[in-house]
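Before any comments, here is the structure.
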Amino acid sequence: MGKQLLVGVAAAIFAAFAWSLGFIAPYVIGPYSIYDLAVCRFLLSGIFALAILLAAPGRLRGLNLIDWLVAAWLGLIGYVGYFLTIAAAVIYAGPVIPPAFVATVPVVLAVIGNFGPDRISWRSLALPLGLALAGLLLVNAQGFTSHSDAPLGHTLLGIGFSIAAVSLWTLFGISNQIALRKRPEMAALTWTALMMLGGAVEVAAFVPLGLSLELFHVPQIGLNWTTAAPLFFSALALAALGSIGASWAWSIATRRLPIGLAGQLIVTETIFATVFGLIARQRWPSWSEAGGVALLLVGVITAVGAFHRAQQPGSPRASGPHAGREEPAT
């Protein structure tokens, strides 16, 4: 496996691992809501991002207005917009159905990404996509088959918000790769800091709306250290790993991998999240969960193999106009 591919795969899997930490946070934050955690997390991410930019003034001197605006836009759709649509989906459809829809992001991103310049033959991609889709359906079987107590209209609205969340994350994944390829000199950490800073400002602007919808428990509970310590440490871990670390790793991955492969590798987030959830609930996986995780693992291995073969000399893609292209170092 080539160095570029190996580094990209490792970075994408690390990003998926870091994102999956958010699935265990609800079990450890005590009486606070997931919305309290989200705002605390993104505000801390913004502080980290500002520190990264100020620690090296040279990072700021090379930036122009377009860089700031594009990064803010990506922060809006990939963090604030995604957060708001997921929140709305949970409010209207409950906590089970939205994650089942969001789990389809890797397949959607892989399919759309394979229409780009780094595409491989659909025959090569069919098996990895089929395995990923089957695995995601099995792991999230409860979400797709559960019956909600919410009125039908509310459930349909929640499904609509879930689809919007999938669309926003797909748009973010593709737009972020395009933006980075237009900025080969941009360091991944600087780009991450720009997105996080923009997202923090935008999440702060959401707070008044969240208060009006009574999504936060902080006003009633307060921030007494004994009670709030789990919330703070969870937010700190998610800000450092789930926001800064994951976004940095994802920027590295999207510079080195075709978006179709990067999208496939996001399924490892579901694997990590399933394992963490089982540990938190202190139970063994069901047959559908175990089978789904196994299919996801085989799908990831098959996808990496398909893209690796496409890069070899003599393959249709390797002999095409993008043959031999080296991605910039970060």
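The values are calculated or read from the model by the stated rules, or taken from the named source; none is laboratory data. Note that the structure is predicted; figures quoted are calculated from it, not measured. Cβ coordinates were reconstructed from backbone atoms using ideal geometry, including for glycine residues, and neighbour counts include every protein chain displayed. Please note that ligands, DNA and RNA were not included when accessible areas were found on the heavy atoms of the full protein model with its side chains. Shrake-Rupley method; radii C 1.70, N 1.55, O 1.52, S 1.80 Å.
Could you pull out the residue among 297, 261 that is modelled with pLDDT of 75 or more, open to solvent by 40 Å² or more (accessible area, probe 1.4 Å) and in contact with a Gly (Cβ under 9 Å, 6 or more places away or on another chain)? Spell out how you get there, then give the answer.
Values: 261 fails: open to solvent by 40 Å² or more (accessible area, probe 1.4 Å).
One residue alone meets the criteria, 297.
Quick one: which residue in 30, 22 is farther than 15 Å from residue 242 by Cβ, among the small types (Gly, Ala, Ser) and either assigned to a helix (DSSP H, G or I) or open to solvent by 10 Å² or more (accessible area, probe 1.4 Å) (or both)?
Numbers: 22 fails: farther than 15 Å from residue 242 by Cβ.
From the options 30, 22, the qualifying one is 30.
Quick one: which helices (runs of 4 or more DSSP H) sit completely within segment 35-97 and have at least 3 residues that are farther than 17 Å from residue 190 by Cβ?
Details: elements: 57-61, 65-75, 81-93.
In segment 35-97, the matching helices (runs of 4 or more DSSP H) lie at 81-93.
Please note which helices (runs of 4 or more DSSP H) are completely contained in segment 246-313 and include at least 2 residues that are among the hydroxyl-bearing types (Ser, Thr, Tyr) and farther than 17 Å from residue 4 by Cα. Give the steps one after another, and end with the answer.
Working: elements: 246-256, 259-265, 267-281, 287-310.
So the answer is 267-281, 287-310.
Could you say whether any residue in segment 113-121 is under 20 Å from the mean Cα position of the chain (by Cα) and modelled with pLDDT of 75 or more?
No: zero hits.
Just to be sure I understand the filter: pairs with C-beta atoms under 7 Å, separated by 6 or more residues or on different chains, first member in segment 280-296 and at positive phi, second member part of a helix (DSSP H, G or I) and at pLDDT 80 or above. Which pairs pass?
No pair meets every condition.
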